[in-house]
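Okay, so here's the structure we're looking at.
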Amino acid sequence: SASVPAQAQSFSQGGANSTSPNNLLPFVGTPSVLDFTGDNVYIGNSAPGSFSAVAGAVFKADQLSIGNGGTGNGTVTASGAGTRFELLGSVGQRLEIGSWGVGTLTVSAGALVDATLNPAGCLGGNCNTMLGNGAGSTGTLTITGTGSEVRTIRNFLVGQSSVFTQPPNGFVFGTPGGTTNAFVNVLAGGTLRTEGAIVGNNNATPNGNGSEKANGTVLVDGVGSQWVVKHNSID
């Protein structure tokens with residue numbers, strides 16, 4: 001029988017995606033490496049957007065934010081052995097999934113998302129991972145398959161109901177009265193590695209109306225699946 005050709009290292013993209021401070025998306029050609037070090041990458045920025053890496057493709061950026069801007073809906077997929085996302089920023093958060101929007105990140109078939117590099121650059125409250133951040137958000141992280149892994153440093157927040165409005169903050173983030181739903185699924189031999197972890201943080205400050213809710217759900221299922229957490233760091 002005819003053999004199935006190996007999948008080529010590649011990326012795909014579509015919809016409302018952007019980078020800051022430089023304008024690097026949409027990329028051109030068929031690269032196997034995208035090095036956006038120094039830039040933040042927004043997938044599903046205030047509208048639907050998607051991005052994927054397969055078969056050993058390598059992606060680098062300061063921050064990856066999926067589903068943001070109040071009306072954002074972003075989907076990111078990393079699949080295949082050798083496929084790697086490296087998040088290196090020292091200002092703000094390195095990984096956001098559903099940052100006042102709907103965000104989904106799926107890591108499968110041996111891919112790695114690594115937000116632990118350059119720890120010396122993480123000062124103050126920077127370099128956290130936010131899953132479902134901002135009242136009204138939905139964030140889903142799925143890690144599935146042997147060898148598939150996500151690594152984070154600092155706090156790993158699963159469901160948060162922050163609300164900021166103008167004035168006095170100078171910006172708007174979160175929906176007053178909104179409910180945040182965040183889901184972590186570690187399946188079929190996948191691995192999640194975190195330091196601090198907070199699940200369901202109904203902070204709704206400073207401008208919530210008191211009816212906000214933050215729901216966080218974590219499922220670890222299947223032979224070899226594991227969530228490895230630094231000792232005494234889950235709240």
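Near Gly72, the amide H atoms lying under 5 Å from its own belong to Ser46, Ala47, Val102; only residues 5 or more places off or on other chains count, and H is placed 1.01 Å from N.
Panel values: region 84-162, Kirkwood radius from alpha carbon pairs, Stokes-Einstein at 37 °C and 0.692 mPa s, translational diffusion coefficient 257 µm²/s.
Using only side-chain charges placed at the Cβ, +1 for Lys and Arg and -1 for Asp and Glu, the dipole size of region 60-215 relative to its Cα centre rounds to 60 debye. Summarising the strand pairing of region 18-124, around 10 percent of its internal DSSP beta bridges are antiparallel. Rounded to two decimals, the Cα-based Rg/Rh of region 7-60, with Kirkwood Rh, is 0.95. For Phe36, the residues whose modelled amide H falls within less than 5 Å of its own, excluding neighbours fewer than 5 places apart on the same chain, are Lys60, Ala61.
Annotation: amide H of Phe183 within the under-5 Å range of Gly139, Thr140, Leu141, Thr217, sequence separation 5 or more or interchain, hydrogens built in the peptide plane. Counting only Cα atoms, region 123-235 measures 49, 29, 21 Å along its principal axes, largest extent leading.
Any read-out appearing in this document is the output of simple, stated calculations on the displayed coordinates, not a laboratory observation. From a predicted model like this one, the values you see are computed outputs, not experimental measurements. All Cβ positions, glycine included, derive from the backbone under ideal geometry; neighbour counts span all protein chains shown.
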